[in-house]
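Notes to accompany the following structure.
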Amino acid sequence: MIGCYVTGILPRPKKLIEVTRAYDRKKVDKETLEKAFQEATKEVIEAQVQAELSYITDGMLKWQDLLRPFTENLEGLAVGSLARWFNNNAFYRKPVILDTIRRTKNIVASITYIQFLPKDLPWKAILPAPYTFAKLSENKFYKNEREVMFAYAEAIREEIKNLAEIGFQYIQLSDPALVYNPLKEKIPKDMLVDVKEALRTAMKNAKVRSCLHTFFGDFSEILPEALDFPVNDLGIDMYETNVDKLKEYTFDGKGVALGLLDARGSLIEDEDELLRVVNELTETISSKTCDIFVCPNCDLEFLPWEKAREKIEVMSRVAKTLKARMHAHG
Amino acid sequence: MDKIFPTQEIGSLAKPAWRVKAYRGEPLSQEEISEAIEWGRKLGVEDTEALAKILKKREKTVEDRKAVLQWSALYAIRLFETAGLDIIFDGEQWRSEMYEHVIRNTEGFEFLGYVKSFDYRYFNKAACISKPKYVKPFYLDEFLFTKENTRKIIKVPFTGPYTLVDWTFNEYYEKKAASQARDFKQRKASARREFLFDLVKEVVRPEIAKLIEAGATWIQIDEPAATTNPSNEEMQLFVEAFNETVRGFNCTFSLHNCYSNYEVLAKYASQLRNCSQLALEFANRDSTQLGTDNKVRVGYRELKIFEEQGYHGNYGLGVIDVHTDFIEPPELVRDRILYAAKIVGDPGRIFVSTDCGLRTRKWEVSFAKLKNMVLGAELARMTLQ
């Protein structure tokens, strides 16, 4: 199977940015803000539908950062100070863990515009992965990061179950912290075993297709252990990954989500080049049964919406050409 | 300097409502005009009637708008002087913002629109679409104006090339590198490097040369993005860019960096050539209790790392938190300075500063903070003497 989808928070369209800024300066009321979010959400959903993406998200325009809905709505957490979002000129608020992490309500469903998602197309939801959540939190309660990771994994298990019940067919767990390693420290093998177990906890009994999407770092650094992670697909940031090292492995039984669209660069990719890269990679890393998703390397919110939309269209055309070639080759 | 603990500001000061509205050509309320006059009186600015006349005009000419910039720069200069600072500039009143100001005045860039910084805050991000070209001076006029209007030591804040590159999409060089590099990662890295050093050569150094020719003796390179990418490759790139920026100029250079990872910066600080001072933010990390012991002065711990890593230059010691309205008492400023002096071992290496520019604070708050900073420096001097 060849598919394509977005992998995170989409940029807010211009009009919505204007309204949010006005709201911040107390120039418009909450109702106006809400209306602007609704209009913009319809626009970004429509762009995905038009591009015929395999799974549709609501664009996550309301998400202030990837962690925030959980920081604000899981029990035992408080919203902390601003911190840099990896190596970007963007910031998130640290989750501060003060007590046992507990989920007492539906979190993603309550912030998602489910009513605008097309009924006849499959939906995708995106959540922070346990390792990233633990790594980016300020822990004032648990013994160590490992305990935080498992407590969060337990908490989102119900969340994922709830999303599956609502009708989401694809769950992506975003795990940038797992591969972001600028100081090139050796990743402990036992830590990767814990990550695998935490993923198992989070995904237990979930009747959805799943992906662990990594970005901002080199995916080849967590191989071969990642091949055993209990998810269907593995997401790779092609702008940070050592491709030669990647080619040393075969992804049998796993789908790959190739982050081929650079969400941190505004240059529109050359479609022929992307096709060549996919062909080269699939010849070595995947078996014939391996599913391939063409996608942005990370959240497209680092771009203005117009550029993001152009990239979504490129992604769609690349996936279509790949599909056509696959059919042509039987 | 003829005294220890000279005081300095870092750069920006808030733009008063009268400056913003009048520059945009919007009508001002009587209250806003009165505020301008009142501040003029407080700061001893002469002939504020001329300013009032411009502010009251319904239609403002290009000359009026330029005059408004000059008036607000003059006010900022007087504010710093009246607060008692030793080293000053004009509060960056001529600049729209540290990034936009340079990019808008340089050829080769196109603004693509706003991208999210956090929550409902955004910044206008440009793409480099052709080789950057220096077309006109962008800091010279404000420097000349400041020089004309003060006898204090002038330090020119200058947005550094590493930050400009880090905050800009790199379309031109990534496209150019497309056929040269094997994979995307290598391509982005080589394109970034070429962009950075072209910017230094084509834009940054020509402007520095103009400033020096016009009499600038101290330029502060502002690099808030310095440790955004803490990998060794990126930090080496940052160091190389700084060294290339200042190479061969007969001028004092310093570096300002704030809200960053100082453990990372400390490792590379000693490699910065011709960098007489590191102006760093510490007050934001510190407690507000009085005292000079380790338990109280938690915000200044990282000074030790710079010392241990072999940095021997001066410090612009941030003793004023620019993100709160809390007015630091002189005694707190004194204790922060004395604690730092103890760590550094040589009080002559400490210049007393705000953490960063004061652009997010109201003038009343900034003025009160700066006055106390000056008083605190004096208390510290008295203690050591």
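Structural remarks
- For the pair the stretch A:245-274 / the stretch B:225-240, the C-alpha centres are spaced 26 Å from each other.
- Using equal-weight Cα scatterers in the Debye expression, the normalised intensity of the stretch A:104-189 in log10 at q = 0.11, 0.18, 0.19, 0.22 Å⁻¹ is -0.39, -0.86, -0.92, -1.09.
- Lysine pair count for the stretch A:83-182 with Cα-Cα distance under 17 Å and sequence separation of 8 or more or different chains is 5.
- The mean number of Cβ atoms from other chains found within 10 Å of a Cβ in peptide B:147-153 is 0, as a whole number.
- 10 Å Cβ neighbours from other chains, averaged over peptide A:264-274: 4
- GNM top mover of B:Asp293, B:Asp90, B:Asp335 - chain B, alpha-carbon springs below 10 Å: B:Asp293
- Partner shielding of B:117-127 amounts to 6, given as the average count of beta-carbon atoms from other chains within 10 Å of each residue beta-carbon.
- Dipole axis of the protein assembly as shown (+1 Lys, Arg; -1 Asp, Glu on Cβ), positive-most option in B:Val204, B:Ala36, B:Ile305: B:Ala36
- For the stretch A:221-254, the set of chymotrypsin sites (Phe, Trp or Tyr not before Pro) satisfying both a DSSP loop assignment and a count of at most 10 other C-beta atoms within 10 Å is empty.
- Average Cα contact separation per residue, chain B, under 8 Å, 6 or more apart, as relative contact order %: 18
- Alpha carbon centroid spacing (whole Å) that separates the stretch A:32-91 from the stretch B:298-340: 38
- Annotation for the stretch A:1-73: trypsin sites (Lys or Arg not before Pro) lying in DSSP loop with at most 11 further Cβ atoms inside 10 Å of their Cβ are A:Arg25, A:Lys26, A:Lys27.
- For the stretch A:2-328: relative contact order, % (alpha-carbon pairs under 8 angstrom, 6 or more apart): 20
- Projecting the Cα atoms of A:Ile268, A:Leu258, A:Asn242 onto the dipole axis of the stretch A:235-330, where Lys and Arg carry +1 and Asp and Glu carry -1 at the beta carbon, places A:Leu258 farthest toward the positive end.
- Within the protein assembly as shown, the percentage of alpha carbon pairs spaced more than 44 angstrom apart rounds to 29%.
- Long hydrophobic helices in chain B, taken as whole DSSP H segments with a C-alpha length of 30 Å or more on their own axis and mean Kyte-Doolittle hydropathy at least -1.0: B:62-83, B:363-384.
- Largest GNM mean-square fluctuation across A:Ile292, A:Ile187, A:Ile101, computed for chain A with C-alpha springs under 10 Å, falls on A:Ile187.
- Qualifying chymotrypsin sites (Phe, Trp or Tyr not before Pro) in the stretch B:304-334, where qualification requires a DSSP coil assignment and no more than 14 other C-beta atoms within 10 Å, comprise B:Phe326.
- Note on the stretch B:75-121 and the stretch B:150-218: Cα centroid distance 17 Å, given to the nearest whole angstrom.
- Over chain A: helical MRE at 222 nm, DSSP H runs n ≥ 4 each giving -39500 (n - 2.57), nearest 500: -12500 deg cm²/dmol
- Cα-based shape type of chain A, given that a ≥ b ≥ c are square roots of the gyration tensor eigenvalues and the cut on a/c is 1.5: oblate
A short reminder: the numbers here are calculations on the coordinates, not readings from a lab. Every value quoted in this text rests on a predicted model; they were computed, and no experiment measured them. Here Cβ is always computed from backbone atoms with ideal geometry, including for glycine, and neighbour counts include all displayed protein chains.
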